[in-house]
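Scroll down for the structure; my scribbles are underneath it.
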Amino acid sequence: MGEQAAGGLGVRAQLATLALLPVVLGVLGYFVLTGVPGLRPDDGTHRRLDAASAATAVLPRARVNRFDGAAALALVRRQVAVGQRPAGSPQLRRLAATLLPLLPAGRFEPLPGQVGRTGSGLRNVVGVLPGRRPALVVGAHYDTESHPPGFVGADDSAAGTAVLVEVARALRRMPRPAGARELRFVLFDGEEEPTAADNVDFYARALRGSKAYVAAHRRELSAMVLLDYVGNKGLRLPREGSSDEALWSRLRVAAAAVGVGAVFPGGTQVRILDDHTPFLRAGIPAVDLIDFSYRWADGLQDTVDKLDVRALDAVGESVVELLRRLDRPPR
C-alpha cells in the first residue's frame with residue numbers, strides 16, 4: 001500500500017514538485033545568507049554559518065582618495081608576520097608597542113583584572129582626536145584566536161586593525177570644523193575567548209577589552225563603529241542583525257556618496273556577539289562591519305592572499321566619510 005500510495009502521486013505531483021522548486025531554492029538561499037533560525041551566532045557559541053563565497057566578485061573603486069588602502073594592506077602584512085597573537089602573549093605585547101605610535105596621542109589602557117596565560121596583563125590601545133563630547137568610537141580587536149596553532153588572522157583581526165589605524169591617520173590629516181566631536185580609536189585586547197572550551201559562554205569569557213572600555217567610559221560615548229571581517233575578496237557587508245539601524249543607514253549613505261555602496265547591500269545578516277555588543281547593551285548605538293560569509297574564518301587559511309586592497313579601501317573611505325558627517329557640529 002505504501003508503495004502504491006507513493007507511486008499514485010503521478011504526473012500532477014511531479015508537476016507540483018517542480019512548481020515548488022523555486023520556492024525551496026529561495027528559502028535555502030535565504031538561510032545561506034542570513035543563517036538558520038535557532039542557530040544564530042549570538043546564542044553564545046560564536047560559530048559562523050558558512051555561506052557561499054563571493055571571492056570572485058569585483059569590488060567597486062572609491063571616487064575619493066582620502067584613505068590609503070595600500071598602507072592598510074602593508075600593515076596587515078606586518079601584523080601577520082608576527083604570527084599568532086593571542087591575548088596576553090609576548091608577541092601581542094610587542095605588536096601593541098608597534099601600533100601605539102601609529103594612533104594619535106596613543107596610549108595603553110590596562111584591563112583591570114585581566115591577564116593572559118603567560119601572566120601578562122591585557123591592555124587596549126587607544127588613540128584620540130580631540131573635540132566635544134560625547135565621543136565617537138571606532139573599534140577593532142588586535143588579538144587572534146589561540147587555536148588552532150599557527151593561526152595568523154589576516155581578516156580576523158589584522159584587517160580591522162589596519163583599517164582603524166589608517167582611518168585615524170586620514171582624519172588626522174584632514175581639517176575638522178570648529179565644535180567637531182572627539183574621535184576615539186580603540187584596539188581591543190582579549191576579544192577572542194582564552195581557550196576553545198570557552199566557546200560555550202563566549203560573552204562571559206571573551207570581549208574583554210570592549211567590556212572593560214564600556215565600563216570605564218560609557219558616559220563619554222555617543223556611537224561606535226566596529227571593524228571586524230572587512231578585508232576579504234568579494235567583501236559584502238549587509239547589516240549585522242543587532243547593529244543600530246539608524247547608524248547603519250547613515251553608513252550606507254556615506255558609502256554610496258564615495259562610490260562603494262555595493263559593498264553595503266540591503267538586507268540583514270545574523271545577530272553576532274562581537275565587540276559592539278557591550279556598547280549596545282550599555283545603550284550606545286553601534287554597528288558591526290563584518291562579512292560573516294567569509295569562508296576561511298578561524299582557520300589556518302585566513303591569510304593575506306584572501307584579502308583585497310579594494311575591500312580595505314572601500315571600508316576605510318566609507319568610515320572616513322561617515323565620521324566626517326557625524327563630526328559636523330549641530331546647527
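The values are calculated or read from the model by the stated rules, or taken from the named source; none is laboratory data. These figures come from a predicted structure and were not determined experimentally. Don't worry about glycine lacking a Cβ; one is built from the backbone with ideal geometry, like all the others, and counts go over all protein chains shown. These accessible areas exclude ligands, DNA and RNA; they are computed on the full protein's heavy atoms, side chains included. Shrake-Rupley method; radii C 1.70, N 1.55, O 1.52, S 1.80 Å.
Numbers below:
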| quantity | calculated |
| --- | --- |
| Flag if Gly299 is more than 24 Å from Ala154 (Cα to Cα), in a loop (DSSP other than H, G, I, E, B) and not polar (S, T, N, Q) | no |
| Index of the failed condition, Leu237 passing every other in (1) hydrophobic (A, V, I, L, M, F, W, C); (2) assigned to a strand (DSSP E or B); (3) closer than 26 Å to Lys306 by Cα | (2) |
| Test: Ala256 is open to solvent by 30 Å² or more (accessible area, probe 1.4 Å) and assigned to a helix (DSSP H, G or I) | yes |
| Residues (at negative phi and part of a loop (DSSP other than H, G, I, E, B)) located in segment 109-130 | Gly116, Arg117, Thr118, Ser120, Pro130 |
| Filter result for the condition that a residue is among the basic types (Lys, Arg), open to solvent by 30 Å² or more (accessible area, probe 1.4 Å) and farther than 19 Å from Glu240 by Cβ, over Arg184, Arg219 | Arg219 |
| Hey, Gly299 open to solvent by 10 Å² or more (accessible area, probe 1.4 Å) and more than 29 Å from Gly83 (Cβ to Cβ) or not | no |
| Those residues of segment 302-331 which are open to solvent by 40 Å² or more (accessible area, probe 1.4 Å), under 27 Å from Leu136 (Cβ atoms) and among the charged types (D, E, K, R), in sequence order | Arg310, Arg324, Arg325, Arg328, Arg331 |
| Unique residue being of a type in the set (A, V, I, L, M, F, W, C) and outside any loop (DSSP other than H, G, I, E, B) when the list is Val270, Val287 | Val287 |
| Matching residues in segment 260-283 - criterion: being β-branched (Val, Ile, Thr), within 26 Å of Asp189 (Cβ to Cβ) and either surrounded by fewer than 20 Cβ atoms within 10 Å (Cβ to Cβ) or in contact with a Gly (Cβ under 6 Å, 6 or more places away or on another chain) (or both) | Val270 |
| Tabulated pairs, segment 207-226, first under 18 Å from Pro112 (Cβ atoms) and part of a helix (DSSP H, G or I), second polar (S, T, N, Q) and at pLDDT 95 or above, C-beta under 7 angstrom, 6+ apart or interchain | Gly209/Asn124; Tyr213/Asn124 |
| Candidate set from segment 72-84 (those that are surrounded by fewer than 17 Cβ atoms within 10 Å (Cβ to Cβ) and small (Gly, Ala, Ser)); member that is nearest to Asp308 (Cα to Cα) | Ala74 |
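Results for (1) in a loop (DSSP other than H, G, I, E, B); (2) within 16 Å of the chain's Cα centre (by Cα); (3) closer than 30 Å to Ala97 by Cα, shown as yes or no for each residue.
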| residue | (1), (2), (3) |
| --- | --- |
| Arg169 | no, no, yes |
| Phe185 | no, yes, yes |
| Ser243 | yes, yes, no |
| Arg250 | no, no, no |
